[in-house]
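Asks: Once you've had a glance at the structure underneath, I'll fire off some questions.
Each value in this text was obtained by applying a stated rule to the coordinates, not by laboratory testing. Predicted model only: the values in this text are computed from it and were never measured. Counting neighbours? That spans all protein chains shown, and the Cβs are built from the backbone with ideal geometry, glycine included.
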Amino acid sequence: MASVIMLACASLGLAGKSLAETSMSQTTSTEVNPADVPEADQTIQAKPADQWTGVWSRSTLLGDMGGLRSSLGQHGITLGLTEDSEYLSNVAGGLKHGGEYHGVTTLTLGLDTQRAGMWEGGSANISVLDIHGDSFSGDHVGSLQTASGSEAEATTRLWEAWYQQKFFDGKADIKIGQQSLDQEFMVSQYGATFMGTMFGWPAVPSYDMTAGGPAYPLSGLGVRLRGKLSDELTVLGGVFAGDPAGTSNSDSQQANKHGTAFNLHGGSLWISELQYGLNQPGDGQLDDGKSKGLPGTYKLGAWYQNARFGDQRYDDTGLSLADPNSSGSAAQHRGNYSIYAVADQMIWRPAEDSSRTLNAFTRLMWAPGDRNQVSFSANAGVTLTAPFDGRDSDVAGLAVGYVKVGNHLRAYDEDTATANGNPLYPVRRDETFVEATYQYQLTPWWQLQGDLQYTLKPGAGTVSSNDSTQTQRIPNAWVVGLKTVITF
């Protein structure tokens, strides 16, 4: 409890300090694209605004920042700054009890070329991250599905730097530059409510793509195309640098510590996704005047990476890597791939204009088990917006994540048990993660989130580093957390 109180006080202190220093900027999980800002919002932004009144009701803590935001807005420039701070504590099981603080400051600059007096349909984005504090899951839990999506090595790094151009009356666009795939591909709208990493960037790409793929905190050079085939169908596709870290032989975040290693080696990553939007806002009504129904979004996708990937069981001579006579060099497979499906569906609301909605999501992913640590991952859950009267912006949620280890890695563990003469050596199979969360919107610019997590068989049932006999698994873990997000 003392840690929770300290974090809340630190959030208040940070807000006060930032107000005095008139800091700039925006959010970690959402890109700033000036071309997508509604005209009404642009008009409000362009007004000088009485920025030092109504601090608790405006959308950002610093408002117009003494006229800076409106001045930049007249030239097509938007800026944003957010601070995500969290404290997580392992209270039972896992590797080690105790907690850690971790935070991410995100600075974003956006440009709308038309509002800047140039051409129509163009936009640009630059995002910079300052990651601070200590990572939690590796030392305290030992789980594959880590406790927080913002966990990363402390550093200041360039995240995204891209240019986007619309054409065909906005029905298609192309984006070129340094991009983070978790902003557009494999995204679950309702899954984003949760703190757990794998509800954002899933387990399959996290463990199977080189360096975890071009996703937070990394990104990669690439080209993305998007086209609207009809009112309901949209297709995305792109090709990106296959190794965002610049090397696959060392710590990926250390190898590209500041996000400026614009690596074009390590093969290419190709990805495509078909999206179907059902009863989306703005679709209107049926001819009889009745609503079309509850909105939902359904996605099918696949990715392919053309590098080489080591087998999880066999060496280059056909022996098990656990065999004492093994060469120690894994057999190589040409290429890697995965298929996936995502569904977000509102399943209930008491009235069409009600803020209270019950929503469900699921995401399934598969990859071959011979060359991958994880061959299957799944997420599913429900969220309830406006759970209480007068709390229209709050969200409560319950979700579960599941990870299955590839069959060759399971067999490698069995080979290890045989080679060591230890029939009790734990064999990795699967891991289950459960999360209950509540987002409390204190003000439009300040959100608090309480979180409770349970991990069954951390590390998919791997041997505990605290056990010298190599017979005991990591105990199931309970984690509590508090997160605060301030938009300046």
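Asks: Take the cross-link list 457/483; 257/483; 257/299; 175/292; 228/257 and give me the ones stretching past 28 Å between alpha-carbons.
Replies: Working: 457/483 25 Å; 257/483 25 Å; 257/299 33 Å; 175/292 33 Å; 228/257 37 Å.
As for pairs spanning more than 28 Å Cα to Cα, those are 257/299; 175/292; 228/257.
Asks: Does region 146-197 come out rounded, prolate or oblate by the C-alpha gyration tensor, with a ≥ b ≥ c the root eigenvalues, rounded set by a/c under 1.5 and, if not, prolate when a/b is larger than b/c and oblate if not?
Replies: Here region 146-197 falls in the oblate category.
Asks: Once R0 is set to 60 Å, what does the formula 1/(1 + (r/R0)^6) return for the Cβ-Cβ distance between residue 382 and residue 325, expressed as a FRET efficiency to the nearest 0.05?
Replies: So, using R0 = 60 Å, E works out to roughly 0.70.
Asks: Here is a follow-up. Give me a comma-separated list of calculated 3J(HN,Hα) values for region 326-340, in order, Karplus coefficients 6.51, -1.76, 1.60 applied at θ = phi - 60°, integers in Hz, x for any Gly or Pro.
Replies: With coefficients 6.51, -1.76 and 1.60, one gets 5, 6, x, 9, 5, 4, 9, 10, 7, x, 8, 7, 7, 10, 8 Hz.
Asks: In addition: Let me have the 222 nm mean residue ellipticity of the chain computed from DSSP H runs of 4+ only, each contributing -39500 (n - 2.57), with the sum over all residues rounded to the nearest 500.
Replies: Helix contribution divided over all residues of the chain: -3500 deg cm²/dmol.
Asks: For residue 347 and residue 97, compute 0.36 nm times the residue count separating them, minus their Cα-Cα distance, and round to one decimal in nm. Show your work: numbers first, answer last.
Replies: Numbers: separation 250, 0.36 × 250 = 90.00 nm, distance 3.88 nm.
Roughly 86.1 nm would be gained on extension.
Asks: So, in nm, how far is label residue 393 from label residue 250 when the simple model puts each one 7 Å beyond its Cα toward the Cβ?
Replies: Output for this residue pair reads 4.4 nm.
Asks: Pop the C-beta distance of residue 434 and residue 261 into the FRET formula with R0 = 35 Å and round what comes out to the nearest 0.05.
Replies: Efficiency computed from Cβ-Cβ geometry: 0.40.
Asks: With the crude spin-label approximation of a point 7 Å out along Cα→Cβ, what separation in nm comes out for residue 332 versus residue 292?
Replies: 5.0 nm
Asks: In sequence order, what are the phi-derived ³J(HN,Hα) couplings for region 68-77 according to the Karplus relation 6.51 cos²θ - 1.76 cosθ + 1.60 with θ = phi - 60°, rounded to whole Hz, with x for glycine and proline?
Replies: 5, 5, 5, 5, 5, x, 5, 9, x, 10
Asks: Let me ask something additional. Which order results if 100, 83, 352, 232 are arranged by neighbouring Cβ count within 10 Å, fewest first?
Replies: Ascending number of Cβ neighbours within 10 Å: 352, 232, 100, 83.
Asks: If you plug each phi of region 347-354 into the Karplus form 6.51 cos²θ - 1.76 cosθ + 1.60 with θ = phi - 60°, what whole-Hz ³J(HN,Hα) values come out, in order, with x for Gly and Pro?
Replies: In residue order, the calculated couplings are 10, 6, 7, x, 8, 4, 9, 7 Hz.
Asks: In nm, what is the difference between 0.36 nm times the number of residues separating residue 55 and residue 139 and their Cα-Cα distance? Spell out each step's value before the answer.
Replies: Values: separation 84, 0.36 × 84 = 30.24 nm, distance 3.98 nm.
Fully extending the segment from residue 55 to residue 139 adds 26.3 nm.
Asks: Sticking with this structure for a sec: Using 0.36 nm per residue, how much length does the chain from residue 184 to residue 119 gain when fully extended, once their Cα-Cα distance is taken away? Mind dumping the intermediate values first?
Replies: Working: separation 65, 0.36 × 65 = 23.40 nm, distance 2.48 nm.
Stretched out fully, the residue 184 to residue 119 stretch lengthens by 20.9 nm.
Asks: Can I ask one more? For a Förster distance of 41 Å, can you work out the FRET efficiency between the beta-carbons of residue 132 and residue 317, rounded to the nearest 0.05?
Replies: Here the calculated transfer efficiency is 0.30.
Asks: I would also like to ask the following. Against the globular-protein guess of 2.2 N^0.38 Å, express the Cα radius of gyration of region 140-247 as a ratio, rounded to two decimals. Please list the in-between numbers first.
Replies: On the way: Rg = 15.3 Å, N = 108, 2.2 N^0.38 = 13.0 Å.
That ratio works out to 1.17.
Asks: Next up: Test of the criteria: in region 126-222, which GluC sites (Glu not before Pro) are in a DSSP loop and have at most 15 other Cβ atoms within 10 angstrom of their Cβ? Write out the running numbers ahead of the final one.
Replies: Numbers: sites: 151, 153, 160, 184; in loops: 151, 153, 184.
Those that pass, being in a loop and sparsely packed, are 153.
Asks: Provide Rg and Dmax in Å for region 298-409, with only Cα atoms included in the calculation.
Replies: In order Rg, Dmax, the Cα atoms of region 298-409 give 21.4, 69 Å.
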